[in-house]
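Handing you this structure, nothing more for now.
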Amino acid sequence: MSERPDFSAFPDARGHFGQFGGCFVSETLMGALDDLKAMYERLKDDPQFRADFDYDLAHYVGRPSPLYLAERWSKQLGGAKIWLKREDLNHTGAHKVNNTIGQALLAKHMGKPRVIAETGAGQHGVATATVAARLGLKCQVYMGAEDVERQKLNVYRMKLLGAEVIPVTSGSKTLKDAMNEAMRDWVTNVDDTFYIIGTVAGPHPYPLLVRDFQCIIGREAREQSLKQAGQLPDALVACVGGGSNAIGLFHPFLNDESVAMYGVEAAGDGIETGRHAAPLSAGRPGVLHGNRTYLMEDDNGQIIETHSVSAGLDYPGVGPEHAWLKDVGRVQYVAADDTEALAAFRELTQVEGIMPALESSHALAYARKLAQTMSPEQNIVVNLSGRGDKDILTVAAIDGIEF
Amino acid sequence: MSRIESCFASLSEKNRKALIPYVTAGDSSKEVTVPLMHAMVEAGADIIELGVPFSDPMADGPVIQLACERALAHGTSTRDVLAMVREFRTTNNDTPVVLMGYLNPVEVMGYETFAKSAAEAGVDGVLLVDLPPEEALEVKPVMDEAGLDLIFLVAPTTSDERIKLIGEAGSGYLYYVSLKGVTGSATLNVDEVAGRVETIRKLAKLPIGVGFGIKDAESAQAVSRVADGVVVGSALVNQVKEHQDDPAAINQAISDILSAMRNAMDT
């Protein structure tokens, strides 16, 4: 790589990360996105807004989340020390809530009484329903009909929280279709509705503001590493669907040249089978859901169906900042398949007594391989982005157990 | 003068408004589309908007979503759509054809390849729903070079400042989206549309077509009183779905709707 860019200077004013990102939406939404951008510009350095956000993260989410040394697992693997950034211990059980707190505060400032969201695994839907309940906002969550089926527990959680879950039956009935439907809702109800996007994708300014809200993960991990390990980590590992937990961990380290970074996509049945959800590993640049990024598409530019055992990674695109970080070579994007992720899920549960989400299990699957190529003096930080309770029914079904 | 420009010029001389039907190419089969285009011209269409099917039509309601699914089910590609226009042009050299769709199927072909092939096939304009002028800086000169009009949307939420920008960036005509919502939504409010069209006229020089929510002769007539063109889509695509196994019935049903609109608009 030639001269390194200053990673903190991106995106540019119009939301571009190199050729990626931007704002590709129908005209009806342009005004709302301009308003959102202006509001965020005004609030992001506002001391009161920051104080409100920090207060909620501390007292409602329970931050900082611990950086936990998985000592027994690391010893068993015989390589680098693996540290887990425990986003699974957040209120609602995943990193998603960091972002929904931030966006709900924006919604409140913009005076919008109704929020909508798309969700795949249901974690973002739950995190949105949670903040909506707390702020007294009306909440509707779009969820692919197939995901409604495989994430029943989260669907019920959202209902208990007072949200309405709307199953989406168009297209492939998964996350991308839920996002289409949420966009259609927003275009119709743009006056009174705030769209809380759950990942670092979508039109500008979403990839920017979701990243900024999730960066708390990396800022804490950086400080904790220096304090607990006495040095910066040698490598960071995080799973990448849309990529919000990964950007949250990576971004505060991007200008630390010594830190290697690995984003782990879902290889599903295996990259070579075509049944996967790994656009960075096996896709090409295109435009979907408001931004230019790597996509899984056919030769005619039609988006193709994805597959992963983990609903949260089952998405044919990826946040534009990841697309750019891949092209400039700052982050390496790799993949773990269903079998590897399930094995990591079981291993961490049995060795450390921590049950990870199937999404996070992809990161663990790659970290276990990476650790074995490194020495015990070296350190890896893995983002344990969510807990696995929501996946128990999926894993049980694979084990042939019915409840 | 481009085909679209001369179309509006000659209509204006006759004090008539443009009737602009939309159908999704390849719905309900690839064979249906070209005869349907001719039938629509016969029934009074001045410009044809031909939908290029996309797997994720974010700005469309259920009617056009399903039309895209039907067209894609038997593999209608962007190249197939261009072939349809080429075939249409063998016997019709006058009626402007505008391709309407989303950016990704164009981007995957490459802007140059797409623009060149489209112009050669006899396409006159391109409207990409998810391409606002700010993101069109790269594609605009390529379309200009090929002699294709790049048509942009104006929405109820568009600020005056943006209307000016869109008026300068676009050519052919402006497509005013009559309501906040997706295609095939509830009926539009004519008074509101009239007010907005008046504003747009002050800020932009292009002819104004109005679409979304026009369902029948009555709404077409009302809109034609204030706009330069009337776009009708979902109401026609519904008929394609209704008669999907019977191409003759599709042509008949759509011709009936367009004839009624034409009469009402010209009265």
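Just so you know, all these numbers are worked out from the coordinates, no wet-lab data involved. Remember, it's a predicted structure, so these values are computed and weren't measured experimentally. Neighbour counts are summed over all protein chains in view; Cβ atoms, including those assigned to glycine, are modelled from backbone coordinates with ideal geometry.
Build a GNM of chain A with springs between Cα atoms under 10 Å: which of A:Gly120, A:Gly317, A:Gly283 gets the top mean-square fluctuation?
Of the options given, A:Gly283 has the highest mean-square fluctuation.
Note the full-extension length gain between B:Asn15 and B:Glu198 as 0.36 nm times their separation in residues minus their Cα-Cα distance, in nm to one decimal.
Working it through step by step, the gained length comes to 64.1 nm.
Same structure again: Taking beta carbons within 10 Å but only from partner chains, what does the mean come to for residues A:182-193?
4
From the P(r) of the stretch B:3-261, can you give the percent of Cα pairs sitting at distances over 28 Å?
Everything past 28 Å amounts to 25 percent.
To continue, here is another question. Need the C-alpha centroid separation for the stretch B:178-220 versus the stretch A:305-371, integer Å.
The two parts, judged by their Cα centres, are 48 Å apart.
Would you kindly state how much longer the chain becomes between A:Gln332 and A:Leu153 on full extension, computed as 0.36 nm times their sequence separation minus their alpha carbon distance, in nm to one decimal?
61.0 nm
Evaluate the distance, in nm, between pseudo-label points positioned 7 Å from the Cα of A:Asp191 and of A:Glu164 along their respective Cα→Cβ axes.
1.8 nm
Tell me, A:Ser281, A:Ser375 in order of fewest to most beta-carbon neighbours within 10 Å?
Ordered by Cβ neighbours within 10 Å, fewest first: A:Ser375, A:Ser281.
Measure up A:Lys96/A:Lys227; A:Lys176/B:Lys164; A:Lys37/A:Lys96 against 28 Å on the Cα-Cα distance and list the ones that go over.
In this structure, A:Lys176/B:Lys164 exceed 28 Å between Cα atoms.
Sorted by mean Cβ packing within 10 Å, highest first, what order do the peptides A:181-191, B:235-245, A:357-367 take?
A:357-367, A:181-191, B:235-245
Between A:Ser375 and A:Arg284, what FRET efficiency follows from the Cβ-Cβ distance if R0 is 56 Å, with the result rounded to 0.05?
About 0.90, to the nearest 0.05.
Let me ask something else. Near B:Lys30, which lysines are there with a Cα under 17 Å away, not counting those fewer than 8 places off in the same chain?
Of all the lysines, those that pass the test against B:Lys30 - Cα under 17 Å, at least 8 places apart if same chain - are B:Lys241.
What's the center-to-center distance, using Cα atoms, between the stretch A:126-186 and the stretch B:63-97 in Å?
Using only Cα atoms to place each centre, the spacing works out to 35 Å.
Hey, another quick one. Assuming a ≥ b ≥ c are the square roots of the Cα gyration tensor eigenvalues, decide whether the protein assembly as shown counts as rounded (a/c under 1.5), prolate (otherwise, with a/b larger than b/c) or oblate.
Since a/c reaches 1.5 and a/b is larger than b/c, the shape of the protein assembly as shown is classed as prolate.
I'd like to verify something in chain B: which complete DSSP H helices, judged by Cα projection on the helix axis, reach 18 Å or more and average at least 0.0 on the Kyte-Doolittle scale?
B:30-42, B:247-266
Also: Give me a single rounded figure for A:167-178: the average over its residues of other chain Cβ atoms within 10 Å of their Cβ.
The mean count of partner-chain Cβ atoms within 10 Å per residue comes to 2.
How high is the relative contact order of the stretch B:3-261? Use alpha-carbon pairs under 8 Å, at least six apart in sequence, and give a whole percent.
Rounded, it is 22 percent for the stretch B:3-261.
With n ≥ 4 as the cut-off for DSSP H runs, can you work out [θ] at 222 nm for the protein assembly as shown, using -39500 (n - 2.57) per run divided by the number of residues, rounded to the nearest 500?
-13500 deg cm²/dmol
How much length is gained on full extension from A:Leu226 to A:His109, taking 0.36 nm per residue of separation minus their Cα-Cα distance?
That pair, A:Leu226 and A:His109, stretches by 38.5 nm at full extension.
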